[in-house]
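Everything on this sheet refers to the single structure shown next.
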Amino acid sequence: MRIIATLALLITSSFVFSQTGTVQGRIQDMNDNEPLAGVRIYSKVDGAKKMTSFDGKYALELKEGEQYIYVSYVGYAEDSVRVNLQANTVTTVDFKLREKMLHTTTAMTESSDKGTIWK
């Protein structure tokens, strides 16, 4: 009887722990298709996070079901996609990130014996 109970427990636990899917892909620059290394990929639901390798590739294991995958990289606009993961399957999602326009403001000053004058 103990053997049957142990087998049932092993089968059940492996079934419970195998309810994940994998999202994999490549992240590139939208303008020149160059791979982007060090891009952060994450899921707010699972809290899982990874970074792309030198060739822009990643693989992220997540719970099955609907997930939102986010990517962020310095100097690029953040992007996200919704995926519906099936258990024990691999879903490929590639991203092409576009550069984010940075706006700067320049302040010029002039000094005199009467104080600072802002232009």
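If GLU66 satisfies every condition in (1) in a loop (DSSP other than H, G, I, E, B); (2) modelled with pLDDT under 95; (3) in contact with a Lys or Arg (Cβ under 8 Å, 6 or more places away or on another chain) but one, which is the exception? Condition (1) is where GLU66 drops out. Just so you know, in segment 69-100 the residues that are assigned to a strand (DSSP E or B) and among the small types (Gly, Ala, Ser) include one that is farthest from GLN28 (Cα to Cα), and it is SER80. Residue count for segment 34-92 satisfying the condition of being farther than 13 Å from VAL23 by Cβ and without any contact (Cβ under 8 Å) to a residue 60 or more places away in the chain: 21. Within segment 31-49, being at pLDDT 95 or above and surrounded by 14 or more Cβ atoms within 10 Å (Cβ to Cβ) holds for PRO35, LEU36, ALA37, VAL39, ARG40, ILE41, TYR42.
The values are calculated or read from the model by the stated rules, or taken from the named source; none is laboratory data. Remember, it's a predicted structure, so these values are computed and weren't measured experimentally. Note: ideal-geometry Cβ built from the backbone for every residue, glycine included; neighbour counts use all protein chains shown.
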